[in-house]
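All remarks here apply to the structure that follows.
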Amino acid sequence: MNIDLRYPLGPFNPVPENANVIAAAIRDIESLPASLRAAVNGLTDPQLDTPYRPGGWTVRQVVHHVADSHMNGLTRTKLALTEDNPTIKPYDEGAWAQLADAGLPIAISLPLIDGIHTRWVQVLRSLAPEQFQRTFVHPEHGQTMTIGYQAQNYGWHGRHHVAHITALRQREGW
């Protein structure tokens, strides 16, 4: 069986939003810090500097990317809650992964991810059902996104990157 190493869980496939779907997405966001820590536990620097797939980011870059991405995700949630359909600022994640801070120890980003996720889950759990329909515009994708859609996307995004790391560990016997 040929598995696409870019998408070990398959591409993001949102489902119609309802209370159960949103609750599951929030649980995914909440559990990501512990899942990510477990995925990288005990890895050496050479292992952290191994790409999760040929031509892909290293495990270290993946961890720092999750911090970068989810920091932006929390900000986008807050913008959607405090402004009327704001247009968010996209960023070049590939270029960010090449900046000097992507080579720092992962111990720098793991506590950041803890804090981001604690705050994000607090905000999401405080929302009334209709607030998950608040929107922002993502100009890069040319679409208006609801907070409920975004929660599903980031829930998947965290699981997706943990799967990159755990699949690499399995393939390499780490």
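Laboratory data are not the source of any read-out in this text; all were calculated from the coordinates shown. If you're wondering where the values come from, they're calculated on a predicted model, not measured in any experiment.
Quick rundown of the values:
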| read-out | value |
| --- | --- |
| Segment 101-106 - phi-based ³J(HN,Hα) in whole Hz, Karplus 6.51/-1.76/1.60, Gly and Pro as x | 5, 6, x, 5, x, 5 |
| Of L99, L48, L81, the one that fluctuates the most in a GNM where the chain has Cα springs shorter than 10 Å | L99 |
| The chain - mean residue ellipticity at 222 nm from DSSP helices (-39,500 (n - 2.57) per run, n ≥ 4, rounded to 500) | -19500 deg cm²/dmol |
